[in-house]
1. If I ask for residues that are under 15 Å from Leu60 (Cα atoms), under 16 Å from the mean Cα position of the chain (by Cα) and assigned to a helix (DSSP H, G or I), which ones from segment 72-96 would you list?
2. May I ask you to list the residues in segment 33-48 that are out of contact with any helix residue (DSSP H, G or I) (no Cβ under 7 Å at 6 or more places or on another chain) and either hydroxyl-bearing (Ser, Thr, Tyr) or closer than 18 Å to Leu90 by Cα (or both)?
3. Consider Lys56 against the criteria (1) touching a strand residue (DSSP E or B) at 6+ places or on another chain (Cβ under 7 Å); (2) more than 24 Å from Gln104 (Cα to Cα): it satisfies all of them except one. Which criterion is unmet?
4. Where the second residue is part of a helix (DSSP H, G or I) and of a type in the set (Phe, Trp, Tyr) and the first is over 22 Å from Asp49 (Cβ atoms) and lies in segment 73-100, which pairs have Cβ atoms under 6 Å and are six or more apart or on separate chains?
5. Which residue is nearest to Gly91 (Cα to Cα), if the candidates are limited to segment 51-68 and must be in a helix (DSSP H, G or I) and modelled with pLDDT of 90 or more?
6. Regarding segment 33-46, can at least one residue be identified that is closer than 23 Å to Lys17 by Cα, among the β-branched types (Val, Ile, Thr) and surrounded by 13 or more Cβ atoms within 10 Å (Cβ to Cβ)?
7. Kindly check whether there is at least one residue in segment 22-39 that is at pLDDT 90 or above, β-branched (Val, Ile, Thr) and touching a strand residue (DSSP E or B) at 6+ places or on another chain (Cβ under 7 Å).
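The values are calculated or read from the model by the stated rules, or taken from the named source; none is laboratory data. Just so you know, these numbers come straight off a predicted model, no measurement behind them. Cβ placement follows ideal geometry from the backbone for every residue including glycine, while neighbour counts extend to all protein chains displayed.
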Amino acid sequence: MSLKPLTDDERTQAREKATAARAVRADIKSRLKTGKLSVEDVIDNPDGDDAVGRLKVLDLLKALPGVGDVRAAAIMAEVGIAATRRVRGLGIHQRTSLVSYLAQHHSGPASK
């Protein structure tokens, strides 16, 4: 399936939308790192923000203080979340399991 060619205006709008989404995700990761935001706040996402929904769970975990590639992968394996899963793709049981796991095993602002 080929996509229809975009006009210059459409391409500009798409670029601006993508840039805004990246800025939102970067802000979330920054606030997680400083403790101003919890993982629970992010995955609940009451506003249904599409930029937040497209954030990879692995990247979300790696934004926590003291969590790198190896620890984030171990957490996801322990909770039973695929490495490619995004926030919007988490089921209710995965959400609650992740929040409770972080509350028990991760010191800091990972959960409320």
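1. First, pick out the residues of segment 72-96 that are under 15 Å from Leu60 (Cα atoms): 72-77, 79, 81-90, 94-95.
Imposing the further condition that a residue be under 16 Å from the mean Cα position of the chain (by Cα) reduces the set to 72-73, 75-76, 79, 81-90, 94-95.
Result: Ala72, Ala73, Ile75, Met76, Val79, Val87, Arg88, Gly89, Gln94, Arg95.
2. First pass over segment 33-48, keeping only residues out of contact with any helix residue (DSSP H, G or I) (no Cβ under 7 Å at 6 or more places or on another chain): 33-36, 38, 41, 44, 46-48.
Listed by number, the residues that qualify are Thr34, Ser38, Asp41, Asp44, Pro46, Asp47, Gly48.
3. (2)
4. Sorted first by the residue in segment 73-100, then by its partner, the pairs are Val79/Tyr101.
5. Keep residues of segment 51-68 that are in a helix (DSSP H, G or I), which gives 51-53, 57-62.
This time we only want the ones that are modelled with pLDDT of 90 or more, so: 57-62.
Details: Val57: 12, Leu58: 15, Asp59: 18, Leu60: 16, Leu61: 17, Lys62: 20 Å.
In this case the residue turns out to be Val57.
6. yes
7. no
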